[in-house]
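A short reminder: the numbers here are calculations on the coordinates, not readings from a lab. Since the model is a prediction, treat every value here as computed from it, not as a measurement. All Cβ positions, glycine included, derive from the backbone under ideal geometry; neighbour counts span all protein chains shown.
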Amino acid sequence: MTMAAVKTRLGRARRCRPRLVSLTSLLSKGPVAVMFYRGHWCPYCRLNVRAVIQAQDRIKALGAQTVAIMPEMQQFTEKFKADAHAPFPVLTDLDNGYALSLNLAIWLGTEIQQLLSYQDLANFHGNDGWVLPIPATFVVGRDGVLKARFVDPDFRKRMEIDDLIAALRNASQES
């Protein structure tokens, strides 16, 4: 399986303008862990991103990199990146376009909407669609081939860091 392109807007860093980022451009530097997060408001996302940040030295030592993708407006992806001190790009997938193309987007029914009504998701997403990505991690080798994946509709579950490192190591050795 190959992934054609990460066609999402890059969360604007200081002095940078929003731009499209292709998976091909990321892969030119080595294997990539593409990670989908629900949003800056999600405690499980924040916990996972902390673990990934703690593993960055090991990830970089493999010649690999990480990119996070969230369905939020740029101001919220910037806040997520800044609050977490994430050393990797946090991309904006407005309207879950990329997540939809990978069958990762789910509509939240009335009961879940009521449970999450204390969050201003319409403001965070720039729409009132009540759609979130399933948290997922894809490890893509330099050749563009998917080497490992973790997708679980239970938003509390994420790829273990040791599994991520092992997948990136394998992808690095194949390159």
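Some observations on this one:
- Gain on full stretching of the segment that runs from Trp41 to Asp120 - 0.36 nm per residue minus C-alpha separation: 27.5 nm
- Coupling constants for region 66-79 follow from the phi torsions by the Karplus curve (6.51 cos²θ - 1.76 cosθ + 1.60, θ = phi - 60°), and in residue order they are 10, 9, 9, 10, 9, x, 9, 4, 3, 4, 7, 5, 4, 5 Hz; glycine and proline get x.
- Coil-residue trypsin sites (Lys or Arg not before Pro) of region 60-163, DSSP, other Cβ within 10 Å capped at 12: Arg156
- Amide H partners (placed H, <5 Å) of Ile106, local residues excluded: Leu132, Ile134
- DSSP-defined beta bridges in the chain - what % are antiparallel, rounded to 5: 65 percent
- Expressed in units of 2.2 N^0.38 Å, where N is the residue count, the Cα radius of gyration of region 8-174 is 0.99.
- When shorter helices are ignored and each DSSP H run of at least 4 residues is given -39500 (n - 2.57), the per-residue value for the chain at 222 nm works out to -10000 deg cm²/dmol.
- Annotation: lysines with alpha-carbon distance below 19 angstrom to Lys29 (same-chain offsets under eight excluded): Lys7, Lys60, Lys147.
- Estimated FRET transfer efficiency (His85, Val145; beta-carbon r; R0 30 Å; 0.05): 0.45
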